[in-house]
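Below you'll find the structure, written out as structure tokens, and then a few comments.
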């Protein structure tokens, strides 16, 4: 994805969009850290290649969001987003490749829904806003990540993995709620 510098004066974006972009930035920061966490502990070449490829895309997304949102408008909780992302990547990587792929599938399903909600609202309230196109491109990448991970998942998840995935999903929703405000 090519990053276009669209940094705008704060008054150009409505408060709700700044809050959404703040949550997006926190999420992309967390995503970068998920893949860094995987790479910190994974040794299997295929898993490392998967993580490196996806990390490159997430870094582009983070750069895009940083071009949209000034430092002062970003979440003040960047260290918790970094730590949470790293743990969401490293813990499954310690437990096995299927844990990683299932975790990524779950995270990306969440991100797909999160971006889609924003895109729908933007199309309704700000139909000509170029932010919509950027979010759509980010969303398309996230859907590809979800599909890539899903294609690598084998069999049904164990009870432990199912509980982990539910925790990751609920944590993602909670993180968005917090990042919108802080």
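The values are calculated or read from the model by the stated rules, or taken from the named source; none is laboratory data. Nothing here was measured: the structure is a model prediction, and the numbers come from that model. Every residue, glycine among them, receives a Cβ derived from its backbone with ideal geometry; neighbour counts consider all protein chains shown.
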### Query
Given (1) part of a helix (DSSP H, G or I); (2) without any contact (Cβ under 8 Å) to a residue 60 or more places away in the chain; (3) under 29 Å from residue 12 (Cβ atoms), where does residue 127 come up short, assuming only one miss?
(1)
### Query
Which one of these does residue 83 not meet: (1) more than 24 Å from residue 140 (Cβ to Cβ); (2) within 16 Å of the chain's Cα centre (by Cα); (3) free of Cβ contacts under 8 Å to residues at least 40 places away in the same chain?
(3)
### Task
Of the numbered conditions (1) at pLDDT 90 or above; (2) over 15 Å from the mean Cα position of the chain (by Cα), residue 21 fails exactly one; give the number of that condition.
(2)
### Scope region 42-52; condition crowded, with 16+ Cβ neighbours inside 10 Å and part of a helix (DSSP H, G or I); matching residues
47, 50, 51
### Query
From the list 55, 94, 165, 65, which one is under 12 Å from the mean Cα position of the chain (by Cα), in contact (Cβ under 8 Å) with a residue 40 or more places away in the chain and part of a helix (DSSP H, G or I)?
65
### Message
Being free of Cβ contacts under 8 Å to residues at least 12 places away in the same chain and farther than 23 Å from residue 181 by Cβ is true for just one of 140, 149. Which residue is that?
### Response
140
